[in-house]
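The values are calculated or read from the model by the stated rules, or taken from the named source; none is laboratory data. Every value quoted in this text rests on a predicted model; they were computed, and no experiment measured them. Every residue, glycine among them, receives a Cβ derived from its backbone with ideal geometry; neighbour counts consider all protein chains shown. Just so you know, the surface numbers come from the protein's heavy atoms only, side chains and all, with ligands and any DNA or RNA stripped out. Shrake-Rupley method; radii C 1.70, N 1.55, O 1.52, S 1.80 Å.
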Amino acid sequence: MKKGKRQAKLKNKLLIFLVPAVVATILLLVIISGYLSGKIMTVMATSALNSSISNQADNIEAWLDENLQNFTTVKQMIEKTKPTDSQLSSLIDACYGFNPYCKNGPYIATQSGKIYKASESTKEIGNVTDQEWFKQGMTRVNMVYGNTYQDADGTNVISASGIIDDGSSDLKIIAADLSLDQISIIVNSKVKMDQAASFLVDTTDSTILAHRDKNRVSTKLDPADKDRLMAAIADKVADRNYSSVTLANNVVAFKQIAGTDWVLISYIDRSIIMKDVTKLVTTLAIIGIFAIVFIVVLINLMVTKVIAPLGGITKNITDMSSGDFTID
């Protein structure tokens with residue numbers, strides 16, 4: 001009985017000393033592993049998000065450049081041939097339908113109020129000098145994209161416009177409209193990173209040009225938005241700070257679109273990024289629990305199979321020192 005009590009006492013001492021130390025060590029390792037893994041995953045996700053948004057921006061810029069080159073070719077043709085009014089009307093008619101993204105084709109207006117547009121065009125112009133595209137075009141020799149605006153039919157468009165240098169005394173502005181529908185397709189479908197989302201903003205007035213939520217298209221970025229992420233992004237855009245950052249538990253990346261005042265914004269929820277980290281931490285915690293159980297079993301075995309027999313040897317040595325040499 002006394003021997004059993006000694007073993008139990010020794011076992012308890014070992015458990016009290018070793019188990020808390022092992023638990024603390026495992027807990028520390030799990031926390032450190034989770035923290036470092038989280039940082040690494042966030043860095044990797046930010047890099048992947050920036051790569052994805054750069055790819056989207058390249059697609060948008062390539063699409064805009066391709067269309068601008070198309071419109072510029074028409075402008076250069078007019079400047080080179082210096083057509084008469086009737087020839088100019090025929091040329092504009094010939095260009096109608098040539099570009100699938102410019103439904104009304106290129107059109108021309110003069111400062112005196114003359115308008116040249118395709119006979120099939122549904123473009124409503126009204127007072128020429130009041131038109132946004134005309135005001136923008138008067139400041140440019142080469143065709144350049146201006147700010148986005150709503151056309152007479154309520155369609156969000158961006159116009160490329162510029163002055164025609166044909167030697168005429170009547171100032172001519174050539175322009176062409178691009179619907180933002182194709183931009184929306186690029187923004188919503190060209191995201192390379194799984195489960196990330198993007199939207200496009202015109203920073204001149206904070207108008208959202210493309211968004212996967214159609215209800216947000218044509219609305220404004222607002223720092224008072226009920227959506228914490230959109231409110232935080234609105235503050236960031238207002239500050240013109242386009243560095244990648246974590247906002248409202250989302251990793252957010254920004255990319256300016258060359259030749260425009262647009263900013264493409266892409267984001268992904270950190271919970272998606274941390275999903276693998278959570279799995280890792282859970283796995284380490286389970287392994288830690290098994291390790292603790294194994295150590296408890298090992299201590300029991302050590303006390304029973306190794307330390308307990310040592311008690312008998314100690315007794316035999318004591319008996320021998322007292323003169324009892326009959327011990328085997």
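Observations on the model:
- In terms of distances greater than 26 angstrom between alpha carbons, the cross-link table entries LYS80/LYS172; LYS75/LYS192; LYS103/LYS226; LYS103/LYS190 yield LYS75/LYS192; LYS103/LYS226.
- Contact order relative to length of the chain, as percent, for alpha carbon pairs under 8 angstrom and 6 or more apart: 19
- Surface per residue (accessible, 1.4 Å probe) for the chain, Å²: 56
- Taking all protein chains together and rolling a 1.4 Å probe, ARG216 ends up with roughly 50 Å² accessible.
- Charge tally for PRO100 (other residues, Cβ to Cβ under 12 Å; Lys, Arg +1; Asp, Glu -1): -1.
- Computing percent of Cα pairs over 29 Å apart directly from the structure and comparing it against (i) 59; (ii) 37; (iii) 65 singles out (i).
- Helices that extend 24 Å or more along their long axis by alpha-carbon positions and average at least 1.0 on the Kyte-Doolittle scale are, among the DSSP H runs of the chain, 275-301.
- For the chain, the 222 nm mean residue ellipticity estimated from helices alone, with every DSSP H stretch of n ≥ 4 adding -39500 (n - 2.57) and the total spread over all residues, rounds to -17000 deg cm²/dmol.
- Pairwise FRET efficiency - VAL19 versus ASN241, Cβ, R0 = 51 Å, nearest 0.05: 0.50
- Net +/- balance of residues flanking ASP170 in space, Cβ distance below 14 Å, scoring K and R +1, D and E -1: 0
- SER189 versus LYS114: modelled label distance in nm, points set 7 Å from Cα along the beta carbon direction: 4.2
- Cα gyration tensor, the stretch 215-266 - rounded (a/c under 1.5), prolate or oblate: oblate
- Computed from the Cβ-Cβ distance with R0 of 22 Å, the FRET efficiency linking ILE32 to SER271 stands at 0.55.
- Using a probe of 1.4 Å, the accessible surface attributed to THR304 totals some 70 Å² when neighbouring protein chains are kept in position.
- Here the calculated FRET efficiency for ASP205 and LYS9, from their Cβ-Cβ distance with R0 = 56 Å, stands at 0.10, rounded to the nearest 0.05.
- The label-point distance for ARG216 and VAL141, in a model that sets each label 7 Å from Cα toward Cβ, rounds to 4.2 nm.
- With a 1.4 Å probe rolled over the protein heavy atoms of all chains, the accessible area of THR155, THR246 falls in the order THR246, THR155, largest first.
- Charge context of LYS226, other residues only, Cβ under 14 angstrom, K/R +1, D/E -1: -1
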